[in-house]
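Participant: Questions regarding the structure given below will be posed in turn.
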Amino acid sequence: MPQTDIVILKALLENQPGFVSGNLLANELGISRVGVWARLEKMRDMNFSFEAIRHRGYRLLQEPPTLNDRLVRAYLALYGNALDVSYLSEVDSTNSEAERLLAAGHRTPFAVLAATQTAGRGRLGRTWHSPNEGNLYASFAFRPQLPPMNMQTITLWLGLKVCEILNEEYQLPVRIKWPNDLLLEGKKVAGMLTEARIDTDRTRDLVFGLGMNVNGNIRNYPREIAGIATSLAAQKGEPLLINQVAARVCIAIIEGYNAFMEGAAKEDLVKLWNQYDCLCGRQVRGEFRGQPVDGEAAGIDSDGCLILKGSNGRTLHLSAGEVHLHTR
Ligand code: BTN
């Protein structure tokens, strides 16, 4: 029945806050009006709330507070996107699941979404805290077939696409921190983890993982995270529609990837970076050839390296590692 539910939900979303006639839904689906009613009853068990009025039909009053596969797909359909999405209520890591699907020959592009992860991975062997609280844990799989060098800036580019959608659609001032963090008011709201399998001369497959605190209650997070993390909801002052956020982010990433493959990043990466960079002009400590270096962050170059102006007048281009802001 999921497909029936997706059609019903899409029609309800399309007409919000108006009503959709049960007759119309029944005709569209080729089922009886009782059949439509029965599907809505089933969805009430999934934390949807609907209003039903005689002679007017149904309308959607409330969406589930956590990820719901039917609703994400209904939003994707509403926005005209037919991305192949696998949804799991629980998984070890969406990146691992995407890698398993790739190894099994699953067609790309596809996305894996999960409501919670039991072994969410962060960069540098860290774990990604992944409670089931209306957050986004998502991985996107591609087979780029391009030399690894050409894919060097993909994480930064996709991160910028996520910044763009959150700024434009939700008026949230999300910024990017080189190389893989998204920040809101100076606190980490999302992290990115790109993993690739590389043959000698080409990237065979690539998984872009995104963990984003959307509605999670940061106060309940482990102490070492709670001090440095935030959520979109904390900034907005109210919960966001997680399923709508998930669909919009999915589309931003898929369209962003397509644009990247068509060469858009060559022209626009630095421009977009300058719009959303949170480090520019700040004193930071990074790493160059394994040694700590201090200087003023001055954006990125077209290869995605962080430009650091040292106090001795020397300019360095950092290609890897972490950067820390100087608090002094
Ligand atoms: C980081 O900031 O260190 C990167 C965190 C990336 C977390 C996401 S959550 C979805 C995907 N699955 C994982 O196991 N990790 C990424």
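The values are calculated or read from the model by the stated rules, or taken from the named source; none is laboratory data. Small disclaimer: the values here were computed from a predicted structure and weren't measured. When we count neighbours, we look across all protein chains shown, and the Cβ atoms used for this are built from the backbone with ideal geometry, even at glycine. For the accessible areas, the whole protein counts, side chains as well, though only heavy atoms, and no ligand, DNA or RNA atoms are used. Shrake-Rupley method; radii C 1.70, N 1.55, O 1.52, S 1.80 Å.
Participant: Could you check segment 75-90 and list, in sequence order, the residues that are over 17 Å from the mean Cα position of the chain (by Cα) and hydrophobic (A, V, I, L, M, F, W, C)?
Facilitator: 77, 78
Participant: Then there's this: Name the single residue, out of those in segment 33-59 being open to solvent by less than 70 Å² (accessible area, probe 1.4 Å) and part of a loop (DSSP other than H, G, I, E, B), that is farthest from residue 13 (Cα to Cα).
Facilitator: Step one: filter segment 33-59 for residues open to solvent by less than 70 Å² (accessible area, probe 1.4 Å), giving 35-36, 38-41, 43, 46, 48-53, 57-59.
Those left that are additionally part of a loop (DSSP other than H, G, I, E, B): 46, 48.
On the way: 46: 17, 48: 12 Å.
Filtering first and then ranking leaves 46.
Participant: Out of all the residues in segment 287-313, which are assigned to a loop (DSSP other than H, G, I, E, B), open to solvent by 50 Å² or more (accessible area, probe 1.4 Å) and in contact with a Leu (Cβ under 9 Å, 6 or more places away or on another chain)?
Facilitator: So in segment 287-313, the residues assigned to a loop (DSSP other than H, G, I, E, B) come out as 289-290, 301-305, 310-313.
Subset that is open to solvent by 50 Å² or more (accessible area, probe 1.4 Å): 289-290, 302-303, 311-313.
Listed by number, the list holds a single entry, 302.
Participant: Checking residue 107 against (1) within 30 Å of residue 226 (Cβ to Cβ); (2) surrounded by fewer than 20 Cβ atoms within 10 Å (Cβ to Cβ); (3) more than 8 Å from the ligand (Cβ to nearest atom), which test does it fail?
Facilitator: It is condition (1) that residue 107 fails.
To keep it simple, each residue is scored yes or no on (1) under 17 Å from the mean Cα position of the chain (by Cα); (2) within 15 Å of the ligand (Cβ to nearest atom); (3) of a type in the set (D, E, K, R).
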site: 183; (1), (2), (3): yes, yes, no
site: 194; (1), (2), (3): yes, yes, no
site: 209; (1), (2), (3): yes, yes, no
site: 221; (1), (2), (3): no, yes, no
site: 224; (1), (2), (3): no, yes, yes
site: 227; (1), (2), (3): no, no, no
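Participant: In addition: Only one of (1) surrounded by fewer than 15 Cβ atoms within 10 Å (Cβ to Cβ); (2) of a type in the set (D, E, K, R); (3) assigned to a helix (DSSP H, G or I) is not met by residue 248, so which one is it?
Facilitator: (1)
Participant: From the list 143, 123, exactly one residue is surrounded by fewer than 18 Cβ atoms within 10 Å (Cβ to Cβ), within 9 Å of the ligand (Cβ to nearest atom) and either farther than 21 Å from residue 212 by Cβ or over 14 Å from the mean Cα position of the chain (by Cα) (or both). Which is it? Can you show your working first?
Facilitator: Working: 143 fails: within 9 Å of the ligand (Cβ to nearest atom).
The unique qualifying residue is 123.
Participant: For segment 196-214, which residues satisfy the criterion of being assigned to a strand (DSSP E or B) and open to solvent by 50 Å² or more (accessible area, probe 1.4 Å)? Explain how you work it out, then say what you get.
Facilitator: First, pick out the residues of segment 196-214 that are assigned to a strand (DSSP E or B): 196-198, 203-212.
Matches in segment 196-214: 196, 197, 198, 204.
Participant: To continue, here is another question. Go through segment 1-23 and give me each residue that's in a helix (DSSP H, G or I) and over 21 Å from residue 80 (Cα atoms). Before the answer, list the steps.
Facilitator: Going residue by residue through segment 1-23, those that are in a helix (DSSP H, G or I) are 2-15, 22-23.
Those that are in a helix (DSSP H, G or I) and over 21 Å from residue 80 (Cα atoms): 22, 23.
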